[in-house]
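No lab work stands behind these numbers, since they all come straight from the coordinates. Not measured: the values here are computed from a predicted model. Neighbour counts are summed over all protein chains in view; Cβ atoms, including those assigned to glycine, are modelled from backbone coordinates with ideal geometry.
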Amino acid sequence: MDLNRYERRQLRRIRRWFERTDPVLVAVLSGRPPGHRGARRKCLRLLVDAVGAACLVAGVLVHLPLLPVGFLLVMAGACLHTAACRHDALLRRAPDD
């Protein structure tokens with residue numbers, strides 16, 4: 001089935017509308033459990049932040065070479081949080097193409 005450009009654009013708008021208004025339905029139709037993947041990613045981001053902060057504190061208190069490792073982990077956690085915020089903003093963006 002070959003769709004023209006207008007039809008593809010309309011289908012993208014409909015898909016984004018469903019993603020914004022009923023993400024549970026989108027998850028069920030796509031075959032993945034609703035909220036499962038997002039919760040796992042959020043736990044990963046928080047774990048990276050916690051381990052990075054622990055490495056920073058341990059590096060300062062005990063004068064171990066954990067300071068650079070902690071710094072890198074905290075920066076990686078910040079990048080993960082920023083990417084998640086951008087992804088959420090893209091999903092909530094109004095379909096205006």
Under a Cβ-Cβ cut-off of 14 Å, what is the net charge of the residues other than residue 79 that fall near it, where Lys and Arg count +1 and Asp and Glu count -1? +2
Rounded to whole Hz, the Karplus (6.51, -1.76, 1.60) HN-Hα couplings of segment 14-26, x for glycine and proline: 5, 4, 5, 4, 5, 4, 6, 8, 9, x, 5, 4, 4
Using alpha carbon positions and the Kirkwood radius, the Rg to Rh ratio of segment 5-92 is 1.23
By Cβ neighbour count within 10 Å, fewest first, 19, 7 rank 7, 19
